[in-house]
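J.: Dumping the structure here so I can ask a few things about it.
The values are calculated or read from the model by the stated rules, or taken from the named source; none is laboratory data. None of these values were measured; they are calculated from a predicted model. Note: ideal-geometry Cβ built from the backbone for every residue, glycine included; neighbour counts use all protein chains shown.
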Amino acid sequence: MTKNKLAVIAIGGNSLIKDDKHVSVDSQYLAAKETCMHIADMIEQGWDVAIGHGNGPQVGYILRRSEIAAKTAGMHEVPLDVCGADSQGAIGYALQQNLQNILYQRGIKKKVVTVITQTLVDKADPAFAKPSKPIGSFMDEAEAKRREVEQGWSVVEDAGRGWRRVVASPLPKEIVELETVQTLLDKGIITITVGGGGIPVVDPGDGNYEGVAAVIDKDFASSLLARQIKADLFVISTAVEKVAINFGKPEQKWLDRITLSEAKAYLSEGTHFAKGSMAPKIQAVIWFLESNPQSQALITNPENLGRAIKGETGTWVVQD
């Protein structure tokens, strides 16, 4: 029996929250359903897939609920690593159930599972010395300073809007549940994993794991997963159909197909891709392609995934 080709698909937050008016659980479930329709198209074309996803807005909502409950009812606050775990379960559930239903309706006998995934980071990562990712609600200065002293938070004033907590965004080093994920994929089971980049954990030095307050870039974590399971294809599903250079300028150009060397050159120029959006996606693709000379990558939006896999659209990044 010929083994299916293997792809890792990293789903962006736009796949679950379309706009500010569609943030309810029901709205997110329906958005997940739409994304799963396109992933099912890919599976129908003969691919096995592992699915990673973002969780930034969802973790923000969990934190806000926790903070409001603590202030109004004296409930305990939920630590950031546990918020990540909560979001992996909830988002995984929405993707898992939708995809399982769609595959069943199409007569495709594939199982789908979610793995609550931890990602090991280096406790000496330079990012911990310069926390930069804002999380949680706005606070006044007095509360921010109190939490800084009592809870060890890093806090910053945010453009005149109030004070916020900031946490580190370290690089992913190891996927703790990798062997489990590999076993599931080897059996042809569609696996949802490294949600939100994975729950950040460190090894304090004794071989155990413990959660840390940090956020991991989901594209970096999905790239690491794709490298370690030796995927044939790495797909980043995002808000745009194709990648552009000179975005928003008169000389803007949409890219259909570029080589690894061209991707490196565009990234190194520092002017084509925004640091907070497209630049990390291009970097994640570069790391993946460097690890496997037979691999390729694709960046497109969810609704064009089926067409893009057929080569009809999207930005393909290929070996030289």
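J.: Just wondering, is there one or more residues in segment 39-56 that are under 26 Å from A308 (Cα atoms), over 16 Å from the mean Cα position of the chain (by Cα), part of a strand (DSSP E or B) and not charged (D, E, K, R)?
T.: Among the residues of segment 39-56, at least one is under 26 Å from A308 (Cα atoms), over 16 Å from the mean Cα position of the chain (by Cα), part of a strand (DSSP E or B) and not charged (D, E, K, R), which makes the answer yes.
J.: Moving on. Which of the residues spanning segment 13-34 are in contact (Cβ under 8 Å) with a residue 24 or more places away in the chain and within 17 Å of the chain's Cα centre (by Cα)?
T.: Within segment 13-34, G13, N14, S15, L16, I17, Q28, A32 qualify.
J.: Is there a residue being in a helix (DSSP H, G or I), within 17 Å of the chain's Cα centre (by Cα) and surrounded by fewer than 22 Cβ atoms within 10 Å (Cβ to Cβ) anywhere in segment 238-253?
T.: no
J.: Restricting segment 155-182 to residues that are modelled with pLDDT of 95 or more and of a type in the set (G, A, S), which is farthest from W287 (Cα to Cα)?
T.: A168
J.: Mind checking which residues of segment 145-165 are among the aliphatic types (A, V, I, L, M) and either free of Cβ contacts under 8 Å to residues at least 12 places away in the same chain or over 15 Å from L63 (Cβ atoms) (or both)?
T.: Hits for segment 145-165 are V149, V156, A159.
J.: Restricting to segment 255-277, count the residues that are surrounded by fewer than 21 Cβ atoms within 10 Å (Cβ to Cβ) and part of a helix (DSSP H, G or I).
T.: Residues flagged as surrounded by fewer than 21 Cβ atoms within 10 Å (Cβ to Cβ) and part of a helix (DSSP H, G or I) within segment 255-277 amount to 9.
J.: Can you tell me which residues in segment 190-222 are under 12 Å from L171 (Cα atoms) and out of contact with any strand residue (DSSP E or B) (no Cβ under 7 Å at 6 or more places or on another chain)?
T.: D217 - this is the single residue of segment 190-222 that is under 12 Å from L171 (Cα atoms) and out of contact with any strand residue (DSSP E or B) (no Cβ under 7 Å at 6 or more places or on another chain).
J.: Moving on to the next point. Scan segment 188-208 for residues that are over 23 Å from A124 (Cβ atoms), part of a strand (DSSP E or B) and aliphatic (A, V, I, L, M) and jot them down.
T.: I190, I192
J.: Residues M37, M42: which one is in contact with a Gly (Cβ under 7 Å, 6 or more places away or on another chain) and in contact (Cβ under 8 Å) with a residue 60 or more places away in the chain?
T.: Unique residue meeting the criteria: M42.
J.: In segment 29-53, what residues are polar (S, T, N, Q) and surrounded by 21 or more Cβ atoms within 10 Å (Cβ to Cβ)?
T.: Residue satisfying the conditions is T35 alone.
J.: Select from segment 141-170 the residues that are within 22 Å of the chain's Cα centre (by Cα) and over 21 Å from N208 (Cβ atoms) and list them in ascending order.
T.: Hits for segment 141-170 are R165, V166, V167, S169.
J.: State all residues of segment 289-320 that are assigned to a loop (DSSP other than H, G, I, E, B) and crowded, with 23+ Cβ neighbours inside 10 Å; if no residue qualifies, say none.
T.: Once the filter is applied, which keeps residues that are assigned to a loop (DSSP other than H, G, I, E, B) and crowded, with 23+ Cβ neighbours inside 10 Å, segment 289-320 yields only G314.
J.: Based on this model, can you work out whether D232 counts as surrounded by fewer than 20 Cβ atoms within 10 Å (Cβ to Cβ), at pLDDT 95 or above and within 20 Å of the chain's Cα centre (by Cα)?
T.: Yes: the conditions hold for D232.
J.: Can you name the residue in segment 1-49 that is modelled with pLDDT under 85 and of a type in the set (D, E) and, of all such residues, is nearest to T183 (Cα to Cα)?
T.: D19
J.: Same structure again: Considering only segment 213-227, how many residues are touching a helix residue (DSSP H, G or I) at 6+ places or on another chain (Cβ under 6 Å) and in a helix (DSSP H, G or I)?
T.: Number of matching residues: 7.
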